[in-house]
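Student: Submitted below is the structure of interest, expressed as structure tokens.
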Amino acid sequence: MCIVNPDYTYDSADQIDMTGFYKIVEFTPNEKMVLVRNEDYYGQKPKIKNVIHEAISDQETRTLSILNKQADMVLHIPNESIEQLKNKEGITLYSIPASNTQTIYLNQKKPCLADKKVRQALAWGLDREELILIGTEGKSVLTTNWLSSNPQYKDIRTAVYDKYDYDKASNLLDEAGWKLNNEDRREKDGQILKIKLMTWGQDKALGEAIQSQWLRLGIDAEVQYGDYSLIEAARESGDWDASIEAWTTFGDEYGLLSAQYLPDGSGNYGGYNSDEMNKKLEELHKVSDKEEKVKLSKEISILACEDVAAIYVCPRVETVAMNSKLKGFIETFRTAENALNPNMEFED
């Protein structure tokens, strides 16, 4: 929609250099944008002349806005609301696995999570099919590594953690010294293995399902659900064990993978650091041949699985609720970026 100008603060509409088929005429950060058709757009001009885009963080309020006909399109419908909206007259639902991966980041500065065997046990101890059923209403697909929610890398979706293996997970915890005590809890040197998993947004049900599966292993798992700012504050203080996020996996492979796996990567929340990984990423940075880039990107993704840089579950499902009279929406794995298109129009 716009050219990014680093000299602008983007706190008002007149500071945005528009190039897309809409232009902004009113902008209140984190609240509202008012868009009008860009008559100078070089391509096909949109059929709908005006768009009001409101930011609503509360999930229940977003759901009510489509039910009460206050909105014509609502993005990020929570999974818990799908049943409420399904088959509702005048509302059409689209549920699409996006090019992002539900990721459990693990704080590897915590002694128990610094042990790769413990992290591997946590990964083998997840029944992803059950998590998809509970956490996404069965609408997502199994993904065991970060990059494979990108359609180009779907052939490695089941690499490494191709099945739920309770016995393997249990044996790994035993090998790491975390034995079951008389209360069926994992204990080592008088300490109970405890993990607090922080979730937010659409991930409440998913977090609770993960908690249940880790409890089966004897891990004292707890879920904290709340605003994303709680996760950010916990990371800043270092007082966290695990958290769920889903970032896009579509784009330049080196930029995406280095952010996840380099020691100073912006998405490397858990502090993962591997000499082998750093070398492979350096190779990827130098590669220009497309086939070699894809091959190396797959190797990096599989290595991250084996090391358990983080744990990967499935693509986050993006559910869009729409006024049934609004036609022309295109289902795509990049829903957030492509919610509007020039052909959209209201049916008479």
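The values are calculated or read from the model by the stated rules, or taken from the named source; none is laboratory data. None of these values were measured; they are calculated from a predicted model. Ideal geometry is used to build each Cβ from the backbone, glycine not excepted, and the neighbour counts take in all protein chains shown.
Student: Restricting to the stretch 166-180, and then to whatever is touching a residue at least 12 places away in the same chain (Cβ under 8 Å) and farther than 12 Å from GLN120 by Cα, can you tell me which residue is nearest to the chain's Cα centre (by Cα)?
Tutor: Among those residues, the one meeting the criterion is TRP178.
Student: Being within 16 Å of the chain's Cα centre (by Cα) and either under 20 Å from TYR153 (Cβ atoms) or polar (S, T, N, Q) (or both) is the filter here; which residues of the stretch 262-275 pass it?
Tutor: Residues satisfying the conditions are SER266, GLY267, ASN268.
Student: Give me the pairs: first residue in the stretch 255-272 and within 20 Å of VAL294 (Cβ to Cβ), second residue of a type in the set (Phe, Trp, Tyr) and in a helix (DSSP H, G or I), beta-carbon distance under 7 Å, and six or more apart or on different chains, which are they?
Tutor: GLN260/TRP146
Student: May I pose another question? What residue, of ILE132, ILE219, is within 27 Å of ALA98 (Cβ to Cβ) and buried (at least 16 other Cβ atoms within 10 Å of the Cβ)?
Tutor: After ruling out the rest, the residue left standing is ILE132.
Student: With the checklist (1) surrounded by 15 or more Cβ atoms within 10 Å (Cβ to Cβ); (2) touching a Gly at 6+ places or on another chain (Cβ under 6 Å); (3) not assigned by TED's automatic domain parsing to the domain that holds ASP115 in hand, flag the one item THR332 doesn't pass.
Tutor: Going through the list (1) surrounded by 15 or more Cβ atoms within 10 Å (Cβ to Cβ); (2) touching a Gly at 6+ places or on another chain (Cβ under 6 Å); (3) not assigned by TED's automatic domain parsing to the domain that holds ASP115, THR332 breaks only (2).
Student: So, one more: Just to check your reading of the model, which residue among GLY271, GLY265 is of a type outside the set (S, T, N, Q), touching a Ser or Thr at 6+ places or on another chain (Cβ under 9 Å) and not assigned by TED's automatic domain parsing to the domain that holds GLY90?
Tutor: GLY265
Student: Restricting to the stretch 26-49, name every residue that is of a type outside the set (S, T, N, Q) and more than 31 Å from the chain's Cα centre (by Cα). Break it down into steps so the answer makes sense when it comes.
Tutor: First, pick out the residues of the stretch 26-49 that are of a type outside the set (S, T, N, Q): 26-27, 29, 31-37, 39-43, 45-49.
Across the stretch 26-49, the qualifying residues are ARG37, GLU39, ASP40, TYR41, TYR42, GLY43, LYS45, LYS47, LYS49.
Student: Kindly evaluate VAL308 against the criterion of being among the hydrophobic types (A, V, I, L, M, F, W, C) and either surrounded by fewer than 18 Cβ atoms within 10 Å (Cβ to Cβ) or more than 18 Å from HIS76 (Cβ to Cβ) (or both). Before the answer, list the steps.
Tutor: Details: among the hydrophobic types (A, V, I, L, M, F, W, C): yes; either surrounded by fewer than 18 Cβ atoms within 10 Å (Cβ to Cβ) or more than 18 Å from HIS76 (Cβ to Cβ) (or both): yes.
Answer is yes for this residue.
Student: Further, regarding this structure: Given the conditions (1) in contact (Cβ under 8 Å) with a residue 12 or more places away in the chain; (2) surrounded by fewer than 19 Cβ atoms within 10 Å (Cβ to Cβ), report the number of the one that LYS163 does not fulfil.
Tutor: The number of the failed condition is (1).
Student: Among all residue pairs at least 6 apart or on different chains, which show Cβ distances below 9 Å where the first residue, located in the stretch 18-37, is in contact (Cβ under 8 Å) with a residue 40 or more places away in the chain and the second is charged (D, E, K, R)?
Tutor: That search, which allows pairs on different chains as well, returns PHE21/ARG37; PHE21/LYS45; TYR22/ARG37.
Student: For the stretch 186-235, name all the residues that are of a type in the set (A, V, I, L, M, F, W, C) and assigned to a helix (DSSP H, G or I).
Tutor: So in the stretch 186-235, the residues of a type in the set (A, V, I, L, M, F, W, C) come out as 192-193, 195, 197-198, 200, 205-206, 209-210, 214-215, 217, 219, 221, 223, 230-231, 233-234.
Of everything in the stretch 186-235, those that are of a type in the set (A, V, I, L, M, F, W, C) and assigned to a helix (DSSP H, G or I) turn out to be ALA205, LEU206, ALA209, ILE210, TRP214, LEU215, LEU230, ILE231, ALA233, ALA234.
Student: Then there is this: Could you tell me how many of the residues in the stretch 98-126 are under 18 Å from the mean Cα position of the chain (by Cα) and either of a type in the set (S, T, N, Q) or modelled with pLDDT of 95 or more (or both)? Can you show your working first?
Tutor: Here is the first cut: in the stretch 98-126, the residues under 18 Å from the mean Cα position of the chain (by Cα) are 98-107, 123, 126.
From what is left, the residues that are either of a type in the set (S, T, N, Q) or modelled with pLDDT of 95 or more (or both) are 99-107, 123, 126.
Selection size over the stretch 98-126: 11.
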